[in-house]
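Reading through the structure tokens given below for one structure.
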Amino acid sequence: MDIIIRDSPQAVGAAVADRIDAVIRAAQGAPLTLGLATGSSPEPAYEELIRRFQEQGLSFAHCQAFLLDEYVGLSADHEQSYAATIRRMFTRHVDIDDAKVHSPQGDAQDPEQEVRRYDAAISDAGGVDVQILGIGRNGHIAFNEPTGSLASRTHVQVLAQSTVEANARFFASEDEVPSHAMSQGLGTIMEARKIVLVALGEDKAEAVKELVEGAVSARWPGTILQHHPDVTVVVDEAAASLLELRDFYATLERDRQDRQAELSAPAH
Ligand code: GLP
């Protein structure tokens with residue numbers, strides 16, 4: 001894992017945006033599949049990507065997108081559905097075709113059939129090229145709560161009480177937070193070719209410590225990412241505060257930057 005620690009949410013957002021931007025520009029207009037996450041942690045990254053679209057000609061016209069998850073029971077036009085949230089937060093401000101922003105249908109009549117359809121739709125689209133992820137306080141990624149299978153596919157997930165409490169801030173009361181969600185599985189997420197995980201704030205410090213330095217275990221679902229060959233974890237100082245090997249991560253980052261500079265230096 002590449003670990004990047006920055007001193008503000010804006011700097012974290014810029015580091016995440018740099019990585020997405022690089023993948024988009026490298027594709028040179030060829031079709032590309034983005035994996036998008038809701039939640040507040042990726043917000044500064046989306047703001048930065050919108051700014052680059054507006055000011056630097058970064059285009060999403062050749063992209064399609066798949067969301068990680070959706071609440072069971074909420075239709076796409078419910079204000080707090082993730083389908084509506086990602087549009088409000090990001091996609092409607094850039095030039096991606098709205099019909100190509102996909103998410104599980106929260107109000108599908110048969111949720112079990114819907115999760116199978118969604119998992120297959122991601123594969124049929126050729127898989128995700130670059131996936132943005134957040135992480136929950138209990139270590140969940142998407143809505144994969146502790147003790148779920150580390151190889152799971154897209155599934156209906158019972159939400160942990162701590163997740164319901166954390167997400168109650170978006171609803172009028174805790175009672176209105178759906179008890180179930182449809183979530184890409186850990187096995188599904190692991191198939192993304194590149195992953196950029198973002199975490200902000202002291203609340204996430206324990207989850208980040210386990211994610212980066214803990215043992216791989218179903219207790220901390222995000223730890224499965226240690227088995228992925230291309231993961232970047234971008235965090236602020238508060239979320240990094242429990243990491244033991246911070247100096248080493250800074251050394252590794254300087255080394256990557258030196259090698260990058262050598263690669264881009266003109267040949268003599
Ligand atoms: C939700 C989402 C996750 C997200 C997590 C953290 O439960 N399903 O995808 O990563 O919350 O969200 P936040 O970034 O708002 O702390």
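The values are calculated or read from the model by the stated rules, or taken from the named source; none is laboratory data. Because the structure is a prediction, the values reported are computed rather than measured. When we count neighbours, we look across all protein chains shown, and the Cβ atoms used for this are built from the backbone with ideal geometry, even at glycine. Ligands, DNA and RNA are excluded from the accessible area calculation, which covers all protein heavy atoms including side chains. Shrake-Rupley method; radii C 1.70, N 1.55, O 1.52, S 1.80 Å.
Below is a table of values for the structure above.
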read-out	value
Unique match (being free of Cβ contacts under 8 Å to residues at least 40 places away in the same chain, among the small types (Gly, Ala, Ser) and more than 16 Å from the ligand (Cβ to nearest atom)) among 125, 121, 99	99
Hey, residue 9 more than 20 Å from residue 163 (Cα to Cα), open to solvent by less than 30 Å² (accessible area, probe 1.4 Å), within 16 Å of the ligand (Cβ to nearest atom) and out of contact with any Phe, Trp or Tyr (no Cβ under 9 Å at 6 or more places or on another chain) or not	no
Selected residue [more than 15 Å from the ligand (Cβ to nearest atom) and over 20 Å from the mean Cα position of the chain (by Cα)] from 113, 105	113
Any hit, region 48-67, residues being outside any loop (DSSP other than H, G, I, E, B) and closer than 30 Å to residue 247 by Cβ	yes
Filter pass, residue 66 being at pLDDT 95 or above and either of a type in the set (D, E, K, R) or within 16 Å of the ligand (Cβ to nearest atom) (or both)	yes
